[in-house]
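Read the structure below first, then the notes.
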Amino acid sequence: MKTRDPQTFHVKSFGCQMNVYDGDRMAELLEAEGMRAAADGADADLVVLNTCHIREKAAEKVYSDIGRLMKRKNAPAPMIAVAGCVAQAEGAEIVRRAPGVDIVVGPQAYHNLPALVREAKAGRPALDTGMPLLSKFGALPARRRQGPSAFLTVQEGCDKFCTYCVVPYTRGAEISRPFAAIIDEAKALIDAGAKEITLLGQNVNAWRGGAGEGLEDLIRALDALPGLARIRYTTSHPADMTCGLIRAHAEVEKLMPYLHLPVQSGSGRILKAMNRSHSAQSYLAIIERVRAARPGIAISGDFIVGFPGESDADFEETLNIVEAVNYAQAFSFKYSPRPGTPAAEMEDRIPAQVMDERLQRLQALLNAQQLAFNQAKVGRRCEVLLERTGRKPGQLAGKSPWLQSVHLETDATIGDIVEVELLSAGPNSLAGRHTAALFPGEGRGPVSSSAPLDPGLRRGTARAAA
Ligand code: 5AD
Ligand code: SF4
């Protein structure tokens, strides 16, 4: 038996933050249709699998999930919708391979999800992988569901065509949402309780406004919105790291000291074969300028090992650039050939074992850098935005300005920004204690502390300027 008249739903998002954003918006759409969110996928009547196609492993996950849902014992099999980039890339092929799927909807078409659910209720297979010229955003309901930290998609798609990447095919050409629509959405998010907004785009720093504005103008406009305390943006391409945007890191108080700037490889030869349009040297020059603008800024990156033709010497150059940058955080992957991309046709593929060894060496170095970055914060004070319950009873967890997870005991509530003395650090999180603020008139914390405010924050935080 299969559910035909769904009353409850669950959206499961895989992959990047853009998918998390899309998943939230699909949930808002379904709620506007009168459906209720189920606590999890185990007994939901409609399960939306919001998929990722960036690497093979990510794409295969969806099929094992579909199999599990079809066989679930505690409830009839749900109505299943496959959304996201696998839906876009594979379309009707998904239903041939997994006949349990009722709906296939691409990332540019999910505003049609309610109509697709109606089709599926009538027992008809429902597919929409269109990439309409008119943006889906105008057809979505106003923002409602939010926590203290919210995502806001401002730009979608990519025109860079790195030779390994499916994004230009699954998400389509670069489009920027209009300035006014973004500000309206930001205001709605703030009204719904957001203290931090992360501007999202596959190439977020390629965002352009109708009057030629750049991302820095958007950041400055958000800076002026009362109630918003923190601004972040991700993911950026080195080619779009303009002087204006770098200057914003020096001047905009609410812009957090964190930059995710993927380099992928340290070898000029491989960067060329990847069609990255930057060299190792030009990347390092950008990092130097960003650090001059915002001393202490946390730099994060993405890396691919085992791109076709990558020699031992090329890989050594990747290790060299990691040494030169000294990352606070990073994501590294084994190259995965994606159907339809130029690199998938390239010869000189790297054996799996070599890729494994390289990934291990790279990750050992990156993990050591991350731990050192975290440890260097111990004994200092900074602000933490409380976002969720922590590991232990009485604990809450949140993010430091450098996007580290911090756990602490506190009577404060989720959504508060509290001053914290950092007491210990592991590779993935820190522990701290809630302290009274350093600045007069703002002390709400339970204990006073003589730990110094992190020097990277001295010029820049909202409190320091107060
Ligand atoms: N293989 C491995 N990693 C990839 N990425 C993108 N495409 C591939 C691929 N085919 C990585 C890049 C990118 C991140 C989101 O995923 O590092 O920055
Ligand atoms: Fe993919 Fe390159 Fe575009 Fe990033 S810049 S989304 S890696 S094609």
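The values are calculated or read from the model by the stated rules, or taken from the named source; none is laboratory data. Remember, predicted model here, so these are calculated numbers, not experimental data. Cβ atoms come from the backbone with ideal geometry, glycine included; neighbour counts cover every protein chain shown.
Could you run through the range 153-182 and say how many residues are within 29 Å of I414 (Cα to Cα) and out of contact with any helix residue (DSSP H, G or I) (no Cβ under 6 Å at 6 or more places or on another chain)?
Number of matching residues: 2.
From the residues in the range 136-158 that are more than 19 Å from the chain's Cα centre (by Cα) and of a type outside the set (A, V, I, L, M, F, W, C), which one is modelled with the highest pLDDT?
If we take residues in the range 136-158 being more than 19 Å from the chain's Cα centre (by Cα) and of a type outside the set (A, V, I, L, M, F, W, C), then K136 is modelled with the highest pLDDT.
If G67 satisfies all but one of (1) more than 30 Å from P337 (Cα to Cα); (2) among the small types (G, A, S); (3) at pLDDT 90 or above, what's the number of the condition it fails?
(1)
For the range 108-162, which positions are within 16 Å of ligand 2 (Cβ to nearest atom), part of a strand (DSSP E or B) and either in contact with a Ser or Thr (Cβ under 9 Å, 6 or more places away or on another chain) or of a type in the set (F, W, Y) (or both)?
Correct list: Q155, E156.
A quick yes/no check of all residues on (1) in contact with a helix residue (DSSP H, G or I) (Cβ under 6 Å, 6 or more places away or on another chain); (2) within 16 Å of L29 (Cβ to Cβ):
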| residue | (1), (2) |
| --- | --- |
| R55 | no, no |
| K71 | no, no |
| E90 | no, no |
| E93 | no, no |
| P99 | no, no |
| G106 | yes, yes |
| A115 | no, yes |
| S135 | no, yes |
| G138 | no, yes |
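State which residue pairs qualify: first residue within 15 Å of N320 (Cβ to Cβ) and inside the range 275-292, second residue within 16 Å of ligand 1 (Cβ to nearest atom) and part of a helix (DSSP H, G or I) in any location, beta carbons under 6 Å apart, and separation of 6 or more residues or different chains.
So the pair list comes out as A280/I321; Y283/P238; I287/V325.
Got a sec? Which of L189, L200 is within 16 Å of ligand 2 (Cβ to nearest atom) and among the aliphatic types (A, V, I, L, M)? Even if it seems obvious, please write down each step before you answer.
On the way: L189 fails: within 16 Å of ligand 2 (Cβ to nearest atom).
None of the other options fit; the residue is L200.
Evaluate the following for I219: is it under 13 Å from L261 (Cβ atoms), more than 16 Å from ligand 2 (Cβ to nearest atom) and more than 16 Å from the chain's Cα centre (by Cα)? Even if it seems obvious, please write down each step before you answer.
Details: under 13 Å from L261 (Cβ atoms): no; more than 16 Å from ligand 2 (Cβ to nearest atom): yes; more than 16 Å from the chain's Cα centre (by Cα): yes.
No, not satisfied.
How many residues are surrounded by 19 or more Cβ atoms within 10 Å (Cβ to Cβ), in contact (Cβ under 8 Å) with a residue 60 or more places away in the chain and not in a loop (DSSP other than H, G, I, E, B) when one looks only at the range 52-81?
Residues that pass the stated criteria total 1.
Being touching a Gly at 6+ places or on another chain (Cβ under 8 Å) and away from ligand 1 (no atom under 16 Å from the Cβ): is that true of G157 here?
On the way: touching a Gly at 6+ places or on another chain (Cβ under 8 Å): yes; away from ligand 1 (no atom under 16 Å from the Cβ): no.
Judged against the criteria, G157 is not a match.
Going through the range 125-141 one residue at a time, which ones are more than 16 Å from E174 (Cα to Cα) and either surrounded by 12 or more Cβ atoms within 10 Å (Cβ to Cβ) or within 16 Å of ligand 1 (Cβ to nearest atom) (or both)? Reasoning before the result, please.
Of all residues in the range 125-141, those more than 16 Å from E174 (Cα to Cα) come to 125-129, 138-141.
Across the range 125-141, the qualifying residues are P125, A126, L127, D128, T129, A139, L140, P141.
With the requirement that a residue be part of a helix (DSSP H, G or I), of a type in the set (A, V, I, L, M, F, W, C) and more than 14 Å from ligand 2 (Cβ to nearest atom), what does the range 203-216 give you?
Going through the range 203-216, the residues part of a helix (DSSP H, G or I) turn out to be 204-206, 215-216.
Pick out the ones that are also of a type in the set (A, V, I, L, M, F, W, C) and you get 204, 206, 215.
Within the range 203-216, L215 is the sole residue that qualifies.
Do the conditions hold for T129, that is, is it among the hydroxyl-bearing types (S, T, Y), touching a helix residue (DSSP H, G or I) at 6+ places or on another chain (Cβ under 8 Å) and touching a residue at least 60 places away in the same chain (Cβ under 8 Å)? Let's see the steps before the verdict.
Numbers: among the hydroxyl-bearing types (S, T, Y): yes; touching a helix residue (DSSP H, G or I) at 6+ places or on another chain (Cβ under 8 Å): yes; touching a residue at least 60 places away in the same chain (Cβ under 8 Å): no.
No: the conditions fail for T129.
Give the residue, chosen from Q360, Q369, Q353, that is away from ligand 1 (no atom under 13 Å from the Cβ), surrounded by 15 or more Cβ atoms within 10 Å (Cβ to Cβ) and of a type outside the set (K, R). Outline the logic, then answer.
Working: Q360 fails: surrounded by 15 or more Cβ atoms within 10 Å (Cβ to Cβ); Q353 fails: surrounded by 15 or more Cβ atoms within 10 Å (Cβ to Cβ).
None of the other options fit; the residue is Q369.
Which residues, taken from the range 258-294, are under 30 Å from L225 (Cβ atoms) and touching a Ser or Thr at 6+ places or on another chain (Cβ under 9 Å)?
Within the range 258-294, Y258, L259, H260, L261, P262 qualify.
Which fully enclosed helices (runs of 4 or more DSSP H) of the range 229-309 have 2 or more residues being farther than 30 Å from A344 by Cβ and away from ligand 1 (no atom under 15 Å from the Cβ)?
Numbers: elements: 243-251, 268-273, 280-293.
So the answer is 243-251, 280-293.
Show the residue pairs meeting these rules: Cβ distance below 6 Å; 6+ apart or different chains; first residue within the range 155-167 and among the polar types (S, T, N, Q); second residue within 9 Å of ligand 1 (Cβ to nearest atom) and at pLDDT 95 or above.
T163/A343
What residue, of A248, A224, is without any contact (Cβ under 8 Å) to a residue 12 or more places away in the chain and over 19 Å from the mean Cα position of the chain (by Cα)?
Working: A248 fails: without any contact (Cβ under 8 Å) to a residue 12 or more places away in the chain.
One residue alone meets the criteria, A224.
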